[in-house]
Amino acid sequence: MVKELHSDVSDKAAGIDVTDGFEPFAQRNDIFTRAFWDPAVRCARSDAFFASYRMEATPRRGDGFGQRDFALRNASWLISDVMTDRFADQGRREGFQAPISADTPVAPVALKVTDSNEMSREIKKVARFFKADLCGITGVDSRWHYSTRIDTRDLSDAPNNLPEGITSVIVLGHEMDADLVDTYPAATAGAATGRAYSQEAATVMQLAAYIRNLGYEAVPSMNDTALVIPYALQAGLGEYARNQMVITPQFGPRLRFSKIFTSLPLAHDSPKPQGVRAFCDICTKCAEACPVKALPFGPPEVGGTNISALKGVRKWTSDAEKCFGFWAKLASDCAICLRVCPFNRDFRKWHHRLWLRLALSPLRRVALWFDRGRGGRKKPGAWWSAP
């Protein structure tokens with residue numbers, strides 16, 4: 001039995017607007033899984049998209065789409081792929097269609113935890129040691145859990161269960177390489193995504209092993225088991241944006257997220273709204289830059305245009321079919337919406353921190369004006385030729 005502790009978390013503070021029509025999401029309806037079973041999505045181009053990750057599809061010519069670009073992208077996924085494929089014969093594509101199996105038994109004697117706040121501080125310290133760039137903690141909220149997962153052998157629905165006693169979700173953020181992100185939608189940029197996934201695979205497995213050695217249950221998870229974006233919002237890591245991403249004050253949208261479900265007694269973080277929603281209300285740079293116009297221009301709405309949309313939540317929702325169709329055409333992933341986002345900045349630099357203060361203030365229109373001309377694509381060849 002999973003114990004839910006989310007009643008003290010304000011949906012409003014997290015920017016979450018759930019309506020009476022809400023339905024938990026079935027994993028078979030995510031756009032990548034649909035590309036294997038849904039004729040409306042699957043086509044020769046989608047098959048070539050997946051084949052390109054095995055170099056079975058010939059890379060096309062052009063800056064950012066040559067053999068070395070695809071080679072870099074594919075190599076960046078290696079650690080994630082090795083982990084993911086371990087139990088493919090059992091229908092478990094771990095980290096994507098199933099939670100990651102435990103490689104460490106739960107210690108028979110549990111460490112006594114007398115201070116959940118101190119334990120949370122310790123977990124965040126260990127997470128940083130294992131190369132997580134952000135870490136927040138929140139309670140279990142079954143609304144975000146997939147109603148069913150997928151058995152990849154026959155694409156049938158499979159139970160989506162967690163061990164008994166789970167009370168907390170540790171949400172981890174993993175920064176994507178800024179220089180590569182600037183080259184999207186090139187295959188070269190896909191290496192930023194792949195490297196982040198490989199890093200998060202190692203991080204969640206190591207942090208979960210640490211918790212299990214303390215004598216508590218811990219289930220490492222990437223894209224599987226539950227939607228990570230609402231958990232990241234509830235854990236106080238950032239705010240939801242028009243481009244369907246979480247904007248963080250440290251890295252903007254330039255992150256991948258993972259999570260660990262655990263029974264370890266932990267104090268929970270709270271949402272920290274700062275004003276991203278108000279900025280996105282006046283900014284449509286991501287929607288304007290999308291080649292296939294898959295992103296919305298208007299205010300958040302309930303539902304979406306197809307079955308890959310979460311039902312019963314008022315939010316900005318993309319047209320997943322248009323988006324994936326463009327990915328398939330490229331044979332690589334596209335994140336132009338991430339690249340052009342005004343929050344895609346290096347906030348370690350003082351002038352970007354100053355811009356952030358302006359963007360989150362009533363002077364947000366001035367901040368948007370200062371952002372004009374930013375977010376252009378950098379040539380992948382320049383990345384290769386740089387020292």
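Here, each number is a calculation from the coordinates, and none is a lab measurement. From a predicted model like this one, the values you see are computed outputs, not experimental measurements. Please note: Cβ atoms are built from the backbone with ideal geometry, for glycine as well, and neighbour counts cover all protein chains shown.
List of remarks:
- Those residues of segment 305-339 whose amide nitrogen sits under 18 Å from the label point placed on Trp37, 7 Å along Cα→Cβ: 306-311, 321
- Nearest-20 debye value, segment 75-227 charge dipole, Cβ charges on Lys, Arg, Asp, Glu: 340 debye
- Whole-angstrom gap from segment 21-44 to segment 348-387, using each part's C-alpha centre: 35 Å
- A simple spin-label model places pseudo-atoms 7 Å from Cα toward Cβ; at Lys311 and Thr19 they are separated by 1.3 nm.
- Nearby lysines by direct alpha-carbon distance to Lys112 (threshold 28 angstrom, same-chain neighbours under 8 apart not counted): Lys3, Lys124, Lys125, Lys131, Lys259
- Within straight-line cross-link reach of Lys378, aspartates and glutamates at Cα separation under 14 Å, skipping those fewer than 8 residues along the same chain: Asp63, Asp177, Asp179, Asp182
- Between segment 124-144 and segment 206-221, the alpha-carbon centres lie 12 Å apart.
- GNM flexibility winner over the chain from Gln97, Gln27, Gln67 (Cα, springs under 10 Å): Gln67
- Computing FRET efficiency as 1/(1 + (r/R0)^6) for Lys272 and Arg86, where r is the C-beta to C-beta distance and R0 is 22 Å, gives about 0.05.
- Helices in the chain, meaning DSSP H runs of at least 4 residues, each add -39500 (n - 2.57). Divided by all residues, the mean residue ellipticity at 222 nm is -10000 deg cm²/dmol.
- The chain: most fluctuating residue of Asn74, Asn306, Asn344 per GNM, C-alpha cutoff 10 Å: Asn306
- Reported value for segment 7-127: 249 Å³ per residue, from the convex hull of its C-alpha atoms.
- Remark: segment 6-380 carries a charge dipole of roughly 1540 debye about the Cα centre, counting +1 on each Lys and Arg Cβ and -1 on each Asp and Glu Cβ.
- Rounded, prolate or oblate (a/c below 1.5 giving rounded, otherwise prolate when a/b exceeds b/c) for the chain by Cα gyration tensor: rounded
- With neighbour counts taken as other beta-carbon atoms within 10 Å, the residues Arg353, Arg348, Arg256 rank, fewest first, as Arg348, Arg353, Arg256.
- For the chain, the Cys residues with no second cysteine's beta carbon closer than 4.7 Å are Cys43, Cys135, Cys280, Cys283, Cys290, Cys323, Cys334, Cys341.
- Residues Asn117 and Ala57, FRET efficiency given R0 of 56 Å [Cβ-Cβ distance, rounded to 0.05]: 0.65
- Neighbour-count order for Thr188, Thr317, fewest beta carbons within 10 angstrom listed first: Thr317, Thr188
- Residue (of Trp144, Val246, Gly95) at the positive-pole extreme of the chain, dipole from beta-carbon charges: Val246
- Note on the chain: GNM, Cα springs under 10 Å; of Arg45, Arg92, Arg61, the largest mean-square fluctuation is that of Arg61.
- Relative exposure of Tyr53, Tyr197, Tyr231, judged by other C-beta atoms within 10 Å (fewest first): Tyr53, Tyr197, Tyr231
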